Every structure is written in structure tokens, then in C-alpha cells.
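The values are calculated or read from the model by the stated rules, or taken from the named source; none is laboratory data. No experiment lies behind these values; they were computed from the predicted model shown. As a convention, Cβ positions derive from the backbone with ideal geometry for all residues, glycine included, and neighbour counts pool all protein chains shown.
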Amino acid sequence: AYLESFYKFCKDQIGGITADVMCEILAFEADRRAFIITINSFGTELSKEDRAKLYPNCGKLYPDGLAALARADDYEQVRSVAEYYGEYKVLFEGQGQSGGAAGGEDKTLEDKFFEHEVS
């Protein structure tokens with residue numbers, strides 16, 4: 001909930017360049033969390049409805065991408081959602097079925113999100 005509140009505060013009260021930069025950072029973090037929550041929920045007893053309640057209601061995925069993630073049943077469906085967002089599509093390239101490194105790739109999905117975040 002703090003991500004949503006901080007995003008709203010930056011957007012509605014701070015404004016300007018600071019808001020632009022902070023909203024971009026917060027949107028990325030919200031989307032990263034939504035992807036990771038979805039992937040980590042596979043094979044657990046967490047229902048799709050409960051999973052959707054855990055998503056931050058901000059970010060580039062909000063609302064359509066989050067709705068698609070909420071319906072996802074496996075990693076390939078998550079990757080399909082990412083395909084619609086160029087920034088995230090590249091992060092999923094070369095990933096295995098569970099977000100781990102595939103083939104000659106030695107970076108996990110988390111590693112790729114982190115690298116994108118700090119670059």
C-alpha cells in the first residue's frame with residue numbers, strides 16, 4: 001500500500017521533474033512486485049483472487065496488465081503479459097520456465113530486474 005500512496009503523493013502533490021522521476025521508479029517497483037508475486041504464487045494455495053489483492057494498484061501494468069497477471073496459470077502466461085510491455089519483454093528473454101536462468105543464461109529474472117533498476 002505504501003507504493004500506491006507514495007506514487008499518488010509524488011504525482012498529485014510534488015509534481016514537476018521530481019514527480020516524473022519518482023513515479024517512473026515507483027511504477028517499475030510496483031510492476032516488478034506484481035510479476036514476482038505472480039510467479040512465486042504458482043504451486044501454492046493462493047487463489048487468483050487473493051493474488052490480485054496483493055498487487056500494487058499503480059505502475060505501467062495497472063490496470064490491464066495486472067488483470068492479465070491475475071488470470072495467469074503458468075510462467076509462459078506471465079511472459080505473454082510481459083510481451084506487451086517493451087521494457088519488461090527484454091527482461092524475460094532467455095528465462096527458463098520458472099524465472100530461473102535457462103541454457104547459457106546465468107541471470108535469474110530477479111537479477112535482470114535489479115540490473116534494470118540500477119542502470
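Quick one: count up the residues across the stretch 79-104 that are within 13 Å of the chain's Cα centre (by Cα) and modelled with pLDDT under 75.
Qualifying residue count, the stretch 79-104: 1.
From the residues in the stretch 18-36 that are within 21 Å of Glu83 (Cβ to Cβ) and of a type outside the set (D, E, K, R), which one is surrounded by the fewest Cβ atoms within 10 Å (Cβ to Cβ)?
Within the stretch 18-36, the match that is surrounded by the fewest Cβ atoms within 10 Å (Cβ to Cβ) is Ile36.
In the stretch 37-61, what count of residues is obtained for those that are under 10 Å from the mean Cα position of the chain (by Cα) and either farther than 20 Å from Glu83 by Cβ or not in a helix (DSSP H, G or I) (or both)?
5
Answer yes or no as to whether Lys60 is surrounded by 14 or more Cβ atoms within 10 Å (Cβ to Cβ), within 15 Å of Phe113 (Cβ to Cβ) and basic (Lys, Arg).
Details: surrounded by 14 or more Cβ atoms within 10 Å (Cβ to Cβ): yes; within 15 Å of Phe113 (Cβ to Cβ): yes; basic (Lys, Arg): yes.
Here the answer is yes, as Lys60 does meet what is asked.
Kindly list the number of the only condition in (1) surrounded by 15 or more Cβ atoms within 10 Å (Cβ to Cβ); (2) of a type outside the set (Val, Ile, Thr); (3) not in a helix (DSSP H, G or I) that fails for Ala70.
Here Ala70 clears every test but (3).
Run down Phe92, Phe35 and say which single residue is under 17 Å from Thr108 (Cβ atoms), free of Cβ contacts under 8 Å to residues at least 40 places away in the same chain and out of contact with any Gly (no Cβ under 7 Å at 6 or more places or on another chain). Working first, answer last.
Numbers: Phe35 fails: free of Cβ contacts under 8 Å to residues at least 40 places away in the same chain.
Every option except Phe92 fails the conditions.
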